[in-house]
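Engineer: The structure's right below; bear with me while I get my questions together.
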There are 4 protein chains.
Amino acid sequence: MKKPEEGWRRKLYTIIFEADTPAGKLFDVVLIASIILSVLAVMLDSVQSIRQDYGSHLYIVEWFFTILFTIEYVLRIACVDNKRGYIFSFFGIVDFLAIIPTYIGLFLPASRYLLVIRSLRILRIFRVLKLVQYINEANFLKEALKASRRKIFVFLFAVMTLVVIAGSLLYVVEGAENGFTSIPRSIYWAIVTLTTVGFGDIAPQTSLGQALASLIMILGYGIIAVPTGIVSYEMSNTLKSQLISPMCPSCGKENHDVDALYCNQCGSKLLKE
Amino acid sequence: MKKPEEGWRRKLYTIIFEADTPAGKLFDVVLIASIILSVLAVMLDSVQSIRQDYGSHLYIVEWFFTILFTIEYVLRIACVDNKRGYIFSFFGIVDFLAIIPTYIGLFLPASRYLLVIRSLRILRIFRVLKLVQYINEANFLKEALKASRRKIFVFLFAVMTLVVIAGSLLYVVEGAENGFTSIPRSIYWAIVTLTTVGFGDIAPQTSLGQALASLIMILGYGIIAVPTGIVSYEMSNTLKSQLISPMCPSCGKENHDVDALYCNQCGSKLLKE
Amino acid sequence: MKKPEEGWRRKLYTIIFEADTPAGKLFDVVLIASIILSVLAVMLDSVQSIRQDYGSHLYIVEWFFTILFTIEYVLRIACVDNKRGYIFSFFGIVDFLAIIPTYIGLFLPASRYLLVIRSLRILRIFRVLKLVQYINEANFLKEALKASRRKIFVFLFAVMTLVVIAGSLLYVVEGAENGFTSIPRSIYWAIVTLTTVGFGDIAPQTSLGQALASLIMILGYGIIAVPTGIVSYEMSNTLKSQLISPMCPSCGKENHDVDALYCNQCGSKLLKE
Amino acid sequence: MKKPEEGWRRKLYTIIFEADTPAGKLFDVVLIASIILSVLAVMLDSVQSIRQDYGSHLYIVEWFFTILFTIEYVLRIACVDNKRGYIFSFFGIVDFLAIIPTYIGLFLPASRYLLVIRSLRILRIFRVLKLVQYINEANFLKEALKASRRKIFVFLFAVMTLVVIAGSLLYVVEGAENGFTSIPRSIYWAIVTLTTVGFGDIAPQTSLGQALASLIMILGYGIIAVPTGIVSYEMSNTLKSQLISPMCPSCGKENHDVDALYCNQCGSKLLKE
């Protein structure tokens, strides 16, 4: 995002969107604390017994944070140049969703749905990650996952086919009398089983069903190795290209061999850290 | 599969079996959509409440897709040269199974078994994977799994022995009064436990049984590392041979040894990146 | 094991203990089939309904295999030189345990305990693995596990400490009224939870208990990475030293560097496959 | 910790804190046995039936070990120079917690809380690990985990966000009538599901809830690959730097580059094994 040229908006921008000044750091710390406290308030509000005893206190807390976040939202809009860009960005929408349910609650009776939208506030905490040293690690994980997304897609596709067939089979074998009342429900059971979650709310009762279930379980136990292998590989690839190879100081070429002493593009000596 | 020499059969072949013309791509997209919709119809048909309300609509949908797939099946047979080869290939059989249950349903009362065969249609979607860029990823996963199949076989063999012994032990220790009514059922329990699924429909009640179960669980928790390690290793091997080895600039041969300096086919010097 | 010098004992030894003659291969195939069938008979015998209907048939089958295995056992003893060595070897004891329960059953009323000892026969199948090409894979897995056994021991030790402390904590927090009736039972629950099995026969009911359980689950979910990492690493180490480095044709030295062209012991040129 | 200069305190220090003399080794073995037996006594004491029958025996055992550990504790304090340093070190506190509950039990009625503090004695066993060869392996695992702690933190952070949102969603979709009585409880369920534990004490009943749960399970099944990948990578990194690089024969510097031929500190030629 472009930084405003000068004046109070530039100052505000430095505090709100950046984290390399004392004021910017303080702002981020206060923001994290507010987000966590406000999400905690949402959670407590959903517990029947706490709501009965402390409902009015939580209502005040809720309004306090809503007003705080509203001021923050207005200031954010005020100090960016590209206002439309911010408002419709991912975090812009999250910021908006963080405040709107409380206002809607004034006109409509408070419903569970509003409660949940309020819990989306937790997503805002990610924007503050930028201030800490964790940004590199987060990027690293993101890169590794991005690099493996196609393989993971093919894998999930195969898993989907598997659970559809397994679900259909157990629907036939076990039938409604053993809890497999329909194919979608059987597929739900197959997912529960293949992922080794195993709630046990539905479980095969017939011998054939248990034999088939055993097969699915061993399959699930075995194929978990596949995504693990994928991510491990991509992760080591990502890290290798980030860490091992120094950038050529003359021509900027990256991805040199591990033992390269000179850039293989321009012959400059490489500076190893 | 050999492509027909010329004429309308060649054209049809290009559309149905290949995906590098606009018509071929359109055909594949329509086919994927039809497959998914027809499998969804099968699933909905198995839900009691939906069947009661929309049974006749689903019946029409079912016949619509069956006729569509029948036409496709006839055209596929028409345009390949080696008809027998296609009909008895894996996808040939899947294509046949995708249409036959509806016709059988005309003579026999619709049973759950026919329903499930219809759900095998989902397998057809894999034939369309060829059109997208995912074919490389799929091949990669296939290669890695193929390379590790022997190790996985030995591993599964050891797991099988383990669950037979563990199942027998718990049958003795717990007995029929705690749900371990027979050795096969105890083995089913051992698989549920070792794979960390843990339905909880059967669970040891005695102290000794729980101690043995603890052992099995820790074993299962530990040995899941084995298939993961196998696949990770083979995967990185597969990818290495795909990525690291440069292509010969003269003859185009790939998959050279990691340390090859000259192409082992034509003797040209390899350019390592 | 030393091979007998000559005569019928040498011939028998070749058939029974080795697998590189047609007779030796046939023997192994028949043995595998017998083992699997006899274990299946043991399993079926434990199912109440099958026993009632086919008990006498199974009794005959049982005696048939017992006599077969007894003959085999006697022949094995006859044809090895070091008889004591065979009898007290691992497979010698397994061979003995495979036949003795049926004879004991003549004098004592058949009990479940004898049934289970009979199921140990499945272990015998491992001795036949030698005949197939899987011996390399089995050795590979064994090597990798052996190399990582110390790290796995330290890991299991840490896990044990964790479940003792977690079990004690939940015993205090939840108490007997929620199923955590004693510390050993709580430890059993902690193992069920940490290994992500999750039977659900015991589950925390209080808020604090559920919070602690959440912690244990996330820990268990995270630390499963540790044994996986250990085995993956050792596996890739094992394979590397087995596969990549060629043996020196002059001096027999193994474990050369990946890119070695000459033996670093005697200077002979290495033949890469 | 600094060793005392001379006299009986030095001798005692050698026995208690070190393990390279016969007396020191004997001390460690006796200590391990005492710790394990005393923890076993604590566990048995929590079992209702055992307590009723052998309560007085266990009480004597408990006092025996408490006095033993008290003497050990006093001797440890006596023979270190920096007494305050020992007392407030991690193991100093654990040593103190190992003995104090029994004394408190004299004045207060024995409560479950004291029982649990006594079970913390198991932590003491780690101090004895120093004597065996496992210290390297333990250090190795510690290093690998330390190196990956930031990535794991980011990962746990993302998981936390996920379970908060998933928990809130299922609270709305399923509601109190299906066991999702509050957002914290729903989050507990989301953790149980995402980590593939799956107790089954709470399980979604509605179709939409089951569909969402399926998504969470597949996510959980997939993202377990992330910590595994992280630890695998760091582990191989840690080991590489430990094993591959030879030690300089002149100056003893370790951790040379993989391809280093000369020590980069003193220029001596490195001897590669």
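The values are calculated or read from the model by the stated rules, or taken from the named source; none is laboratory data. Please read all numbers here as calculations on a predicted model, not as lab measurements. Ideal geometry is used to build each Cβ from the backbone, glycine not excepted, and the neighbour counts take in all protein chains shown. The accessibility values were calculated without ligands, DNA or RNA, using every heavy atom of the protein model including side chains. Shrake-Rupley method; radii C 1.70, N 1.55, O 1.52, S 1.80 Å.
Engineer: Placing +1 at every Lys and Arg Cβ and -1 at every Asp and Glu Cβ, with all other atoms neutral, what dipole size does region B:8-132 have around its Cα centre, in debye to the nearest 20?
Structural biologist: 340 debye
Engineer: OK, next. Heavy-atom accessible area per residue, region D:144-243, 1.4 Å probe: how many Å²? The partial results should precede the final answer.
Structural biologist: On the way: 3110 Å² over 100 residues.
Normalised by residue count, the accessible surface of region D:144-243 is 31 Å².
Engineer: Roughly speaking, to the nearest percent, how much of region D:8-132's 1.4 Å accessible area is carbon and sulfur?
Structural biologist: Roughly 75 percent of what the probe reaches on region D:8-132 is carbon or sulfur.
Engineer: With charges only on Cβ, +1 for K and R and -1 for D and E, what is the dipole size of region A:1-82 about its Cα centre, in debye, rounded to 20?
Structural biologist: 180 debye
Engineer: Another question, if that's okay. Using the heavy atoms of the protein chains alone and a 1.4 angstrom probe, what is the accessible area of region C:1-121 per residue in square angstrom? Show your work: numbers first, answer last.
Structural biologist: Numbers: 7050 Å² over 121 residues.
Here the residues of region C:1-121 average 58 Å² of exposed surface.
Engineer: Return P(r) of region C:8-132 (all Cα-Cα pairs; 5 Å bins starting at 0; whole %; ordered from short to long distances).
Structural biologist: The percentages, shortest bin first, are 2, 10, 20, 23, 19, 12, 8, 5, 2, 0.
Engineer: For region C:59-167, which chymotrypsin sites (Phe, Trp or Tyr not before Pro) are both in a DSSP coil and crowded by at most 11 other Cβ atoms within 10 Å?
Structural biologist: Within region C:59-167, the qualifying chymotrypsin sites (Phe, Trp or Tyr not before Pro) (loop, at most 11 other Cβ atoms within 10 Å) are C:PHE88.
Engineer: At what distance in angstrom do the alpha carbon centres of region B:53-98 and region D:170-223 lie from each other?
Structural biologist: Spelled out, the Cα-based centre of one part sits 39 Å from the other.
Engineer: If you put +1 on each Lys and Arg Cβ and -1 on each Asp and Glu Cβ, how big is the dipole of region C:144-243 around its Cα centre, in Debye rounded to 20?
Structural biologist: For region C:144-243, the charge dipole is close to 600 debye.
Engineer: How long are the semi-axes of the equivalent ellipsoid of region B:60-126, defined as square roots of 5 times the Cα gyration tensor eigenvalues? Whole Å, largest first.
Structural biologist: Computed over region B:60-126, the values are 22, 13, 11 Å.
Engineer: Oh, and also: Show me the trypsin sites (Lys or Arg not before Pro) within region B:1-48 that DSSP assigns to loop and that have at most 10 other Cβ atoms within 10 Å of their Cβ.
Structural biologist: B:LYS2
Engineer: What quantity of accessible surface, computed with a 1.4 Å probe and excluding non-protein components, is buried in total between chains C and D, in Å² to the nearest 100?
Structural biologist: The buried area between C and D, both sides summed, comes to about 4100 Å².
Engineer: Choose one of A:TYR103, A:LEU12, A:LEU40: the residue whose Cα lies farthest towards the positive end of the charge dipole of region A:8-132 (beta-carbon charges +1 Lys, Arg; -1 Asp, Glu; about the Cα centre).
Structural biologist: Looking along the dipole axis, the top candidate is A:LEU12.
Engineer: Another one. Out of the GluC sites (Glu not before Pro) in region B:1-103, which ones are loop residues according to DSSP with at most 15 other C-beta atoms within 10 Å? Each step should come with its number before you reach the end.
Structural biologist: Numbers: sites: B:GLU5, B:GLU6, B:GLU18, B:GLU62, B:GLU72; in loops: B:GLU5, B:GLU6, B:GLU18.
Sparse-neighbourhood loop GluC sites (Glu not before Pro): B:GLU5, B:GLU6.
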